[in-house]
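Chemist: I have a structure here, written as structure tokens, and I will follow up with some questions on it.
The values are calculated or read from the model by the stated rules, or taken from the named source; none is laboratory data. Please read these numbers as outputs of a predicted model, since none were measured by experiment. Cβ atoms come from the backbone with ideal geometry, glycine included; neighbour counts cover every protein chain shown.
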Amino acid sequence: MKLEGVARHASTHACGIVIAPEPLTNYVPLQLATRAGVRVSAGGGAAKVVVTQYEMHAIANIGLLQMDFLGLRNLTIIEDTMALVQANHGVALDINAIPLDEKETFRMFREGKTNGIFQFESSGMKRYLKELRPTTLEDLIAMVSLYRPGPIELIPSFIARKHGRERITYLHPKLEPILAPTYGIGVYQEQMMQIARDLAGFTLPDAAPLRKAIGKKIKSLLEEQREKLLAGMAMSRIDRKTAQAVWELFPPFARYGFNRSHAACYALIAYQTAYLKAHWPAEFMAALMTAEGFEIERVGFLVEEARALNITILPPSVNASNATFTVVSPKEIRFGLGSVKNVGTNVVEAIIAAREAQGPFSSVDELMERVQSKDLNKKSLESLMKCGALDEFGERGVLLGNLDRILDYARTAQKVHSAGQTSLFGSGDLARTSLRLEPTPPAEKKDRLSWEKELLGLYVSEHPLEEYRERLANRATAVARLSEQPRDAVVSVAGLVSGVDRIVTKAGTPMLFVKLEDLTGKAEVLVFPRVLERTAELWQLSKILLVKGRISRDRDEPKVLADEGMEVT
């Protein structure tokens, strides 16, 4: 009993800001955020997050202003895409002037080709888009609102009504202009307020407390608003039975009713990103991968999407790459040096500055002599070698076998540079002859691919499954097509094991969550205890497996419940 009502944690709103006319300490106690208490500041340093000790309702009750300032990475992606289009094609796009009924853009939504599109990327959303076949921005606004817990149950009816398979009815003629854009289904909070205005004579300010009473479930205010609404409809000569039926729409509607203005902003941004993807795919994908380059697995996913758009992803190169992903041609994007794991910003800036000052590097020794950065150390140089950024200077295995020798050379170069000599090549080219690479066995294919996966998030030069493509073509369903399979469908799926998580069930027996990836994407395979007992030796990283099982869905994401499996050799 003593614990009831005690605050159990102090969470932090993602973008909530409290504003006061005087220092906040005059009104409310403050504290440091308990989790994620340090963030990166604009200058790159650490900044502590200060939060109020009062929760959001108490803040409002003492009269302080609360605002949500939501920063969307997608706005940067749109700006960067437009800048790339201007630089590469000389076309000055005005994203606010694009047509909002453009056929190719809506075709992308109708076909569910929405990877990288804000709010429309999940497999469940793609499935509903294919069924809905949206034709207007209003359809997209509604889907943003409906695709969330609660209202998601209304989507099948929404789709059926759009395509005439379900009759649209209204409790009162005055409801038709309000609910017609959403096929007779109440979707938005604004619709609820407009019903109160048009049927009960409320002003919009009058309707705001109604929305609040229902949304916040304030019982006393709710009963007060109910009586006001019924009285208002009586004044409008709406009979008591119909008025009561209209009121009954409100409580369940308010539990899931979304803010239309919010949904409209999201849908517009989604449409704009889809427009750019449809018409300028290379520029859009380069901007998208640059914006999300901090998450290596996400980059791998986006690179596969670029390949699906017939865009070739070129490996990183110290002579050709910029810091971010670069559009080489309408069908080619070059990996940015900044996306290579373990290679910091200082190293990338030093390499690019040296290249811009004196042109491309002709050899690894010239690279080490010209790039004067203390951060170009063993770890960063090794990563550049392993991912293929130095391939034009030598085979990866040979370069790695001579890594210490190259670093010794670099230290000598730095000493000469510090002594004031402008170039190691300035006196009879003696320094160039001092770096001799010892013969070393070349790197094996599996090692090269493993390094690329580790450092870039994907296989760039070739996928390990490539040589099995023909053998598996008629034996397995592509991972990208699993979302098309109904629940409990029996499928076979083949792929490379890229992750294995082991857990212990409540019964004390082990089971596995296995990530299996093929040339089209990744799937999660669940290996329950009874299956694990007879197949334990199969589930190892980098093995290529053929798995048979049934489709399950968690939050509409398809998963495979394994029944049996075998290694593909």
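Chemist: Going by the structure shown, is ASN310 surrounded by fewer than 16 Cβ atoms within 10 Å (Cβ to Cβ) and either touching a strand residue (DSSP E or B) at 6+ places or on another chain (Cβ under 8 Å) or not in a strand (DSSP E or B) (or both)? I'd like the intermediate steps shown before the answer.
Modeler: Details: surrounded by fewer than 16 Cβ atoms within 10 Å (Cβ to Cβ): yes; either touching a strand residue (DSSP E or B) at 6+ places or on another chain (Cβ under 8 Å) or not in a strand (DSSP E or B) (or both): yes.
For ASN310, the condition - surrounded by fewer than 16 Cβ atoms within 10 Å (Cβ to Cβ) and either touching a strand residue (DSSP E or B) at 6+ places or on another chain (Cβ under 8 Å) or not in a strand (DSSP E or B) (or both) - is met.
Chemist: Among the residues of region 457-472, how many are in contact (Cβ under 8 Å) with a residue 12 or more places away in the chain and among the charged types (D, E, K, R)? Give the steps one after another, and end with the answer.
Modeler: At the first step, the residues of region 457-472 found to be in contact (Cβ under 8 Å) with a residue 12 or more places away in the chain are 457-458, 460-466, 468-469, 471-472.
Okay, now just the ones that are also among the charged types (D, E, K, R), so 462, 466, 469, 471.
Residues flagged as in contact (Cβ under 8 Å) with a residue 12 or more places away in the chain and among the charged types (D, E, K, R) within region 457-472 amount to 4.
Chemist: Another question, if that's okay. Since LEU129 meets every condition but one in (1) in contact with a Phe, Trp or Tyr (Cβ under 6 Å, 6 or more places away or on another chain); (2) assigned to a helix (DSSP H, G or I); (3) within 30 Å of SER236 (Cα to Cα), which condition does it not meet?
Modeler: (3)
Chemist: Looking at ASN346, ASN322, ASN259, which is the one that is under 19 Å from VAL460 (Cβ atoms) and out of contact with any Cys (no Cβ under 9 Å at 6 or more places or on another chain)? Spell out the reasoning first.
Modeler: Details: ASN346 fails: under 19 Å from VAL460 (Cβ atoms); ASN259 fails: under 19 Å from VAL460 (Cβ atoms).
The unique qualifying residue is ASN322.
Chemist: Is at least one residue of region 80-94 among the acidic types (Asp, Glu), under 25 Å from PHE258 (Cα atoms) and either surrounded by fewer than 18 Cβ atoms within 10 Å (Cβ to Cβ) or touching a residue at least 24 places away in the same chain (Cβ under 8 Å) (or both)? If you could, list the steps in order and put the result at the bottom.
Modeler: Let us first name the residues in region 80-94 that are among the acidic types (Asp, Glu), namely 80, 94.
Next, only the ones that are under 25 Å from PHE258 (Cα atoms) stay: none.
No: zero hits.
Chemist: Of the residues ALA286, ALA267, which is assigned to a helix (DSSP H, G or I) and in contact with a strand residue (DSSP E or B) (Cβ under 6 Å, 6 or more places away or on another chain)?
Modeler: On the way: ALA267 fails: in contact with a strand residue (DSSP E or B) (Cβ under 6 Å, 6 or more places away or on another chain).
Matching residue, one of ALA286, ALA267: ALA286.
Per-residue answers, yes or no, for (1) β-branched (Val, Ile, Thr); (2) loosely packed, with under 15 Cβ neighbours inside 10 Å:
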position: ILE117; (1), (2): yes, no
position: SER122; (1), (2): no, no
position: ALA142; (1), (2): no, no
position: GLY150; (1), (2): no, yes
position: LEU154; (1), (2): no, no
position: ARG161; (1), (2): no, no
position: ARG165; (1), (2): no, yes
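Chemist: How about region 258-297: which of its residues are modelled with pLDDT under 95 and touching a Lys or Arg at 6+ places or on another chain (Cβ under 8 Å)?
Modeler: Passing the criteria: PHE258, ALA291, GLU292, ILE296.
Chemist: Moving to a separate point now. Counting only residues that are farther than 17 Å from LEU381 by Cβ and either at pLDDT below 75 or hydrophobic (A, V, I, L, M, F, W, C) (or both), how many does region 418-460 have?
Modeler: Looking only at that region, the number is 20.
Chemist: Given the options PHE106, PHE202, name the one that is crowded, with 21+ Cβ neighbours inside 10 Å, modelled with pLDDT under 95 and either farther than 30 Å from LYS228 by Cα or more than 33 Å from the chain's Cα centre (by Cα) (or both).
Modeler: Exactly one of PHE106, PHE202 is crowded, with 21+ Cβ neighbours inside 10 Å, modelled with pLDDT under 95 and either farther than 30 Å from LYS228 by Cα or more than 33 Å from the chain's Cα centre (by Cα) (or both), namely PHE202.
Chemist: Separate question: Within region 218-227, is even one residue surrounded by fewer than 18 Cβ atoms within 10 Å (Cβ to Cβ) and in contact with a Leu (Cβ under 8 Å, 6 or more places away or on another chain)?
Modeler: no
Chemist: Let me ask something additional. State which residue is surrounded by the most Cβ atoms within 10 Å (Cβ to Cβ) when the search covers only region 313-347 and only residues that are of a type in the set (Ser, Thr, Tyr) and more than 20 Å from GLU297 (Cβ to Cβ). Give the steps one after another, and end with the answer.
Modeler: From region 313-347, those of a type in the set (Ser, Thr, Tyr) are 317, 321, 324, 326, 329, 339, 345; that's our starting set.
Filter again for more than 20 Å from GLU297 (Cβ to Cβ), leaving 317, 321, 326, 329, 345.
On the way: SER317: 19, SER321: 24, THR326: 20, SER329: 12, THR345: 12.
In this case the residue turns out to be SER321.
Chemist: Hey, another quick one. Hey, does region 135-150 have a residue that's at pLDDT below 90 and over 21 Å from the mean Cα position of the chain (by Cα)? Outline the logic, then answer.
Modeler: As a first pass, look at region 135-150 and keep what is at pLDDT below 90: 148-150.
Narrowing further to those that are over 21 Å from the mean Cα position of the chain (by Cα): 150.
Yes; the residues of region 135-150 include at least one that is at pLDDT below 90 and over 21 Å from the mean Cα position of the chain (by Cα).
Chemist: What's the number of the only condition in (1) within 24 Å of GLU395 (Cα to Cα); (2) in contact with a strand residue (DSSP E or B) (Cβ under 7 Å, 6 or more places away or on another chain); (3) not β-branched (Val, Ile, Thr) that ALA323 fails to meet?
Modeler: (2)
Chemist: Follow-up. For the condition among the hydroxyl-bearing types (Ser, Thr, Tyr), buried (at least 17 other Cβ atoms within 10 Å of the Cβ), in contact (Cβ under 8 Å) with a residue 24 or more places away in the chain and farther than 26 Å from GLU104 by Cα, what is the one hit in TYR183, TYR188? Before you say what the answer is, go through the steps one by one.
Modeler: Numbers: TYR183 fails: farther than 26 Å from GLU104 by Cα.
When all the criteria are applied, what remains is TYR188.
Chemist: Before we move on, is THR135 surrounded by fewer than 16 Cβ atoms within 10 Å (Cβ to Cβ), within 28 Å of HIS279 (Cβ to Cβ) and either among the acidic types (Asp, Glu) or in contact with a helix residue (DSSP H, G or I) (Cβ under 8 Å, 6 or more places away or on another chain) (or both)? Walk me through it before giving the result.
Modeler: Details: surrounded by fewer than 16 Cβ atoms within 10 Å (Cβ to Cβ): yes; within 28 Å of HIS279 (Cβ to Cβ): yes; either among the acidic types (Asp, Glu) or in contact with a helix residue (DSSP H, G or I) (Cβ under 8 Å, 6 or more places away or on another chain) (or both): yes.
So THR135 fits the description; yes.
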